Amino acid sequence: MEQPPSLRRCEPEAVDSLRELSIETFTDAFAADNDPQDFDAYLEKAFNTQQLSAELARPGMRFYFLMVGEALAGYFKINTGKDQTELQEASGMELERIYVRTRFQGRGLGAWMLQQVKQMAKGEGKAYLWLGVWEKNTRAIAFYRSHGFVIFDKHPYYIGSDRQMDWMMRLDL
């Protein structure tokens, strides 16, 4: 019988594991849909050790590893206060990243993690949860809609020099 999932806060000393997991999951999700040069530039900018260490040190940015037994199965990143990429309202929490490793997909782990994030936001007295999702990621958009998120705006997102558009989605808690 498979062990139930659990969360472990990502501490600064785990930055190498976070970097490896971030690159792997982002590459699996989006490499095929992007120019390789732009994609590599994005990976180096977003997931280098210095960048991730700086984010781990910020009080409003938190990373959590998804564990299945002893296996590192995925992660998410939440931002609050002025550490949100946009909005930056005290009443909101941003879900900036949520990824499950390919071999762990199809087990409901993404929905489980999203439920944990909702509980964290409610526990911290937040009125809403929001996120940005690439407009071409129809599977993710459908997933978030099935969990009550609605599109409320859009914003540009850059993969290297490639300007893409993200839908901004919100869930009132």
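The values are calculated or read from the model by the stated rules, or taken from the named source; none is laboratory data. Just so it is clear, the structure is predicted and the values come from calculations on it, not from any experiment. Cβ atoms come from the backbone with ideal geometry, glycine included; neighbour counts cover every protein chain shown.
Given the structure, is Gly123 of a type outside the set (D, E, K, R), closer than 19 Å to Tyr64 by Cα, modelled with pLDDT of 95 or more and touching a strand residue (DSSP E or B) at 6+ places or on another chain (Cβ under 6 Å)? When the stated conditions are applied, Gly123 does not pass them.
Set side by side, the residues Ala73, Ala121, Ala111 differ, and just one is within 15 Å of the chain's Cα centre (by Cα), surrounded by fewer than 17 Cβ atoms within 10 Å (Cβ to Cβ), touching a residue at least 24 places away in the same chain (Cβ under 8 Å) and not in a loop (DSSP other than H, G, I, E, B), which is Ala111.
Step by step: first the residues of region 30-59, then only those that are aliphatic (A, V, I, L, M) and in contact (Cβ under 8 Å) with a residue 24 or more places away in the chain, then the one that is nearest to Arg9 (Cα to Cα). Which residue is that? In this case the residue turns out to be Leu56.
Residue-wise test of (1) within 23 Å of Phe26 (Cβ to Cβ); (2) surrounded by fewer than 19 Cβ atoms within 10 Å (Cβ to Cβ); (3) in contact with a His (Cβ under 9 Å, 6 or more places away or on another chain); (4) free of Cβ contacts under 8 Å to residues at least 12 places away in the same chain.
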site: Met93; (1), (2), (3), (4): yes, no, no, no
site: Arg97; (1), (2), (3), (4): yes, yes, no, no
site: Arg101; (1), (2), (3), (4): yes, yes, no, no
site: Gln105; (1), (2), (3), (4): yes, yes, no, yes
site: Lys136; (1), (2), (3), (4): yes, yes, no, no
site: Phe143; (1), (2), (3), (4): yes, yes, no, no
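In region 29-52, the condition of being of a type in the set (Val, Ile, Thr) and surrounded by 12 or more Cβ atoms within 10 Å (Cβ to Cβ) is met by no residue.
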